[in-house]
1. Please work out the Cα center distance from segment 148-166 to segment 74-146, rounded to the nearest Å.
2. When ranked by the protection proxy of mean other Cβ atoms within 10 Å per residue, highest first, what sequence do the peptides 113-125, 178-190, 145-157 form?
3. Specify which labelled value, from (i) 49, 38, 30; (ii) 86, 39, 23; (iii) 52, 46, 31, agrees with Cα extents along the principal axes in Å derived from the coordinates of the model shown.
4. Which residue fluctuates the most in the chain, going by a Gaussian network model with Cα springs under 10 Å, if the choices are 33, 15, 138?
5. Any idea what angle helix 165-177 forms with the longest principal axis of the chain, computed on alpha-carbon atoms, 0 to 90 degrees, nearest 10?
6. Taking square-rooted eigenvalues a ≥ b ≥ c of the alpha carbon gyration tensor, is segment 37-140 rounded, prolate or oblate, where a/c under 1.5 means rounded and, failing that, a/b exceeding b/c means prolate?
7. Using the 10 angstrom Cβ neighbour count as an exposure proxy, how do 94, 82 rank, fewest first?
8. Does anyone have the angle between helix 73-83 and the longest principal axis of the chain? Alpha-carbon axes, 0 to 90°, nearest 10?
């Protein structure tokens, strides 16, 4: 079916943005709208943006309601992946006739998008694992440096490292388990050195 023969699909969609500060939320939504307007697959018919309002914990939310037109079913699927709308409603036509070739195109486009997302998630997971491992190593080294020639309690180590006591405790436990440090009463000390002073 040629583009001229395809019925125009009109859809109403809502895109929401939540975050802080307010200026960032407003500018992010404007960027989204700008990208959609530049996207050759869509024509924006109507646009209504709500003011950003404050939510819990200083977060702000805003949304835009758009009416868009496109000629391909697969474009709507792509729209959902690319712009992550909170809702989408097909306004016209009332009935959609989907040929086998169009359905195949739609499924293939969906698969391509899913594979791209899957690769992105795996990359982020690997980067997150790498960062966590390295941050853990840095923090353990920071604890060891802080304990050079000293014995310190968890409160002092927390102040010295800038990590709150609850988050610091697992690292101390791991260092204690590996016998890098040991506990003397309420204080921690390096296992391979003598504490000379108490701060």
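We did not get these values from a lab; they are worked out from the coordinates using the rules stated. All values reported here derive from a predicted model rather than from experimental measurement. A quick note on method: Cβ atoms are made from the backbone with ideal geometry, for glycine too, and the neighbour counts reach across all protein chains shown.
1. One Cα centre to the other: 40 Å.
2. Working: 113-125: 10.7, 178-190: 14.9, 145-157: 16.6.
Ranked by mean Cβ neighbours within 10 Å, highest first: 145-157, 178-190, 113-125.
3. The value matching this structure is (ii).
4. 138
5. Helix 165-177 sits roughly 60 degrees off the main axis of the chain.
6. Numbers: a/c = 3.61, a/b = 1.45, b/c = 2.50.
Because a/c hits 1.5 or more and a/b fails to exceed b/c, segment 37-140 counts as oblate.
7. Numbers: 94 6, 82 15.
In increasing order of surrounding Cβ atoms, one gets 94, 82.
8. With rounding to tens, the tilt is 30 degrees.
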